[in-house]
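Contents: one structure, followed by commentary.
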Amino acid sequence: MNSVQEILELLKFGDIPNRQLRQLLQNRLPVQHTALDAHFLCNFKQRAMVHTLDPNRKWKSDEVRALLDGRHLPADEGTKFDSDITLVNYREHLTNVMQDTGQMWDVMKLFQNIGVDYRVSSDKETGRPNGVVWMTNEMKTCLIRYGRSLFLDFQKRQFNKVNWPYCGPVVIDCDKQICVVAESIFVSECLDGYEFALSSMFQMTPQFQKSNIALIFSDEFLTDDLLVRLEIQETAILRCDQWHLLHEVWPKYFGRHWQDVENKLRAMIEGKTKAIFDEAFASACEAVKAYPNFIDYIRKFHENPKKYAAYTLAMVEGNLDRCGSTPAEQNHASIVSFIGKGASLALPEQITKLLERQQDLARKKSRAQLEYSVHCSCYHSTFDTPKDSYADMLAKKHLSEWAYINLWLKAQKGAKYLETKQTENGTLVKAIGEIWESNTVILIPKGGRCPCHKRISHQFQCKEEYIVDGCFLLEKYNGRWLHPEVFRIEQSKKEAHDEISVGSVDDIIDQQQAHITEQENNSEEQVMEIGMNKLSSENQAQKIPQQDIFLPTTRKQANSSVTYRDVKAVANELADTTSNNGEQRAYACCFMKSLIQLFRTGDTNAVTKSMVEYISKIGQEFRRVQRGHIFNDVNGNALLSPLRGGDTSSTAKNKCRIRSAMEYSSKNNTKTTANATKRAKVSEAETLAIGSRSTKTCSFCGACGHQITHCPEQRHYGILLTVAEKKDFSHSVLNPSRYVTKKRNGKTLELTIMENVPRTTMCLVVHNRFFIDADVNFPYSASNLCLECTVLRDVARVDEMYCNALFKGK
C-alpha cells in the first residue's frame, strides 16, 4: 500500500493519463499481476476516488486488495456520499477538473469545429464554468415538433473518469420513440442546472415558444420553483414520476409502516376520478392516524393533485398516457449501452461519444423512415369498400408508421361496432347492443371534439369521431403523428401563407411600383402588399460599391476555390442571418429562387450581370431595414414598425453579454438600494396619510398593536409558559408526583393515542394527563402516560383533527 500511496496523492490534484499511470503501476505491482489494460485502469481510478474525496479515511486490507484487483467494479462498490465532507470534496474535485485542467477549452473548440450550438454555464460568484449545454440541428427540430411534453432527469452514474452528472431533456416522437432535444454536463445535480439547461435550450431554438410546453415529467427533486424561474408557471404542469414515489420516496419515508399504506397511496395517485382520489386519501390517513407526521405528509400530496393525481393528468391534451419520466431513464440506459460498461474518458472524449451516439440514432431513424416511405409508395389497401380503401390510402400516406397502426387502423376497425344518434346538443355514440341510457354513451357536441380518454391523450381522430365524420380528416391529427416528409410539406404551406408573400424579385418590384403609383394618385383603396419599397432619394444616391460584391475574378478561381460544402455553408449562414426578421427572410428567399432560375438557364454572362444587379438591390434593402425605414400605405401610415440596426436577437436576455462577478454584485446592490428607496418613499407616504401607529405585530394571532404577552386571543388557552418554564415542563411532564393523572373515561376511551406531535405545530395547548391503561401493574411508568392536547397552526388556528387529542407522553 505504501508504494501505491504516492499515486493516490497525485490523483488528488487531477487525472493522470493512462499511459503515465500504467508506467507508474508497472514498477509497484508484482510481476505475476494481471495486464494493465484500460479496463483495469478504469476500475483503479474509480476505487481510488474514495481516497481522493476523503483523504482521512483509513484503508482496510480487503480494500487494498480490491484497489489492485482487475475485476469489474460492482454496483455496490461505487463511490458513496455518506458524509457531507465527501460530497463537498466530490463537487470541488469535479469543479477543479472542469476549470483548471483546460478541458472546457477543448470542449468549446470541439463544438466550434463541428458546428454544434452550445452554451456554457458559469458560477455566479466566480464566473468560472461549471457546466455546458449543447444542441444539434436534429435536436432543435425535435424540440419544435414534439416539445409539448418534456421528460427530465439527471444521470449521476457515468462511465468516465470523474462521473460527470448528465442531463438530457427527452421527448417522444411520431413513432413513440425517445428523442433527445438537448444534452448537458454539470458538476452536480441542482435546480440551477435544470434552469440553465432549459433556458439555454430555449435560447438556441428561438422558433420554439416555451409557452407551448404543457407537461414536464421529473422525479421528486424538482419543484414548482423551476416553472417560476422559466416563467411558464401559468402554462406548464410539473408532474412527479409515479415509479420514484412508489418504489423509492414513499417506502423510505414510511419505513415499517409502508405496508399499511401502500395500497391506499397507490390507489390515490392512480385513481381515475376525484372521488377515488379523496376516498384513498381518507383511507391512508385512517391507517396511520396514530402518526400525525405521516398524516401531514400525505396531506401535502392530497393538496397538490395537479402534480400527483392521475385524474388531473388525464384531462391534459396530449399527455400520451405517460405518468412519469421513464423516457429519460431509457435515454440513460441507451447511453450505457452505447458507451459500454466502463471507460476512462476525459470530458471532450465523453462529449464526443455522446455526439457519436446521436449520429448513430439519427442514421437508424432516417433509414427506418426511408424504408417506410418506400413501402407507402407501393401500398395497396386491403379494405373491401372504396370509401374505406381510399381513407386507408390517405392515412398510410400521411401518418407515421406507429400512428397508422396504433391509431388509424384501430379507430377504423373499432368504428364498425358503433352506432350514432343525432340530438339537439350533438351526436350520441355507443357500442352496438348497448342502450342509449347507458353511462358509456359518448356525446360529441356540434363542432367539438370527442371527450374520450384516448382522443384527449393522443390528439387524433378516434373511432367515435370517425363514425360521425364519415371520412378520414388529417386536420384532426396532431402534427406529431404526421410522417416527417408530410410534416415538412405542411410546414412549408404554413410559411407560404404568412403575411409576407414570396415571389421573384422582379414581381416584388412590380408590385411595389404599382403600390407607389396608387399612392401618388391618392387612391382610396388601401393596398397591403409587402415587397421592396421604393428607394428614397437618399438611398438612391447611395449605391453599393462594386467591391462589396464577392464574385470570382477568373474562371479558374470559380472552378477550384469553392467546393459544394462551401456553397452549402454560405446558404445555411444566409438562412441563419435572416432567421429573426420576416422581411429579410422574404428578400433572401426571392433572391435565392431567382438565382437558381438564372443558373438553370446556363448563360454565364447573364448570371454574372444579374447577380450584380440583384445583390445591389438586396443589399440596399437589407441596409434600409436595418436603418429603420418603414413601408407606408396610401395615407402615409406605417405598415411595419422600425427595427434597430444590427438587432438580430429575439429577447433581451440574448443581448446581454457575460458579466463579471463584480458587475453582478454591483448590479444587485443597485437594485437593492433602489428597492429600499422605493419602500422608504411608500412607507413615508403612508405615514403622512394615515398618521403614526404602532408597528408591533403579535406572533400568535398576527394582529398589530400588541405582542404575544398581551394577546387577547392567547388568554383563551391558558397561561403562556416562559422559556425556563417550558424547559422545566418538558423534564417533569412524566414525573408521577408533579401533576395530576386521571383515568380515561367516556370519549377519551374512544380516542386514538398519537405517537408524535405534528411537525408544523405552532403552539401546543396541554389540558390533562391520563393513564393509557390504569389497570397495569405499574401505571405511572413513562410509557403508560398520555397528554390531552390541542394543536394550534399558524395564526392561532385550531386544527380540528387534533383538538383535544391524546398524545403519548414520551
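The values are calculated or read from the model by the stated rules, or taken from the named source; none is laboratory data. This structure is a prediction, so every number in the text was calculated from the model and none was measured. Cβ atoms come from the backbone with ideal geometry, glycine included; neighbour counts cover every protein chain shown. The accessibility values were calculated without ligands, DNA or RNA, using every heavy atom of the protein model including side chains. Shrake-Rupley method; radii C 1.70, N 1.55, O 1.52, S 1.80 Å.
Descriptive notes on the structure:
- Sulfur and carbon atoms: percent of accessible area, region 325-449 [1.4 Å]: 54
- Peptides 195-202, 697-704, 350-357, 177-184, ordered by how many other C-beta atoms sit within 10 Å of their residues on average, highest first, read 177-184, 195-202, 350-357, 697-704.
- Cross-link pairs beyond the 19 Å C-alpha cut-off, checked among Lys306/Lys430; Lys446/Lys493; Lys727/Lys810; Lys264/Lys808; Lys396/Lys494; Lys493/Lys568: Lys306/Lys430; Lys446/Lys493; Lys264/Lys808; Lys396/Lys494; Lys493/Lys568
- For region 769-810, the residues whose backbone nitrogen is under 19 Å from a point 7 Å from the Cα of Cys701, taken along Cα to Cβ, are 791-799.
- As a fraction of the 1.4 Å probe accessible area of region 711-777, surface on carbon and sulfur atoms comes out at 54 percent.
- Converting phi to 3J(HN,Hα) with the Karplus coefficients 6.51, -1.76 and 1.60 and the offset θ = phi - 60°, region 127-139 yields x, 9, x, 9, x, 8, 10, 9, 9, 8, 5, 5, 5 Hz in sequence order, with x at every glycine or proline.
- Label-to-label distance, nm, for residues given as Glu419 and Asp37 (7 Å Cα→Cβ offset): 7.2
- Peptides 292-299, 362-369, 266-273, 716-723 ordered by packing proxy, namely the average of other Cβ atoms within 10 Å per residue, highest first: 292-299, 266-273, 362-369, 716-723.
- Working from label points 7 Å from Cα in the Cα-to-Cβ sense, the Ser334 to Val441 distance is 4.7 nm.
- Per-pair calculated FRET efficiency, R0 = 35 Å: Ala314 and Ala290 via Cβ, rounded to 0.05: 0.55
- Trypsin sites (Lys or Arg not before Pro) within region 110-159: DSSP coil, no more than 16 neighbouring Cβ in 10 Å: Lys124, Lys156, Arg157
- Label-point gap, in nm, between Arg128 and Thr352 - each point 7 angstrom along Cα→Cβ: 2.6
- Applying a DSSP loop filter and a limit of 14 other Cβ atoms within 10 Å to the trypsin sites (Lys or Arg not before Pro) in region 422-495 leaves Lys446.
- Centre-to-centre, using Cα atoms only, region 346-365 and region 719-762 are separated by 64 Å.
- Surface per residue (accessible, 1.4 Å probe) for region 172-246, Å²: 33
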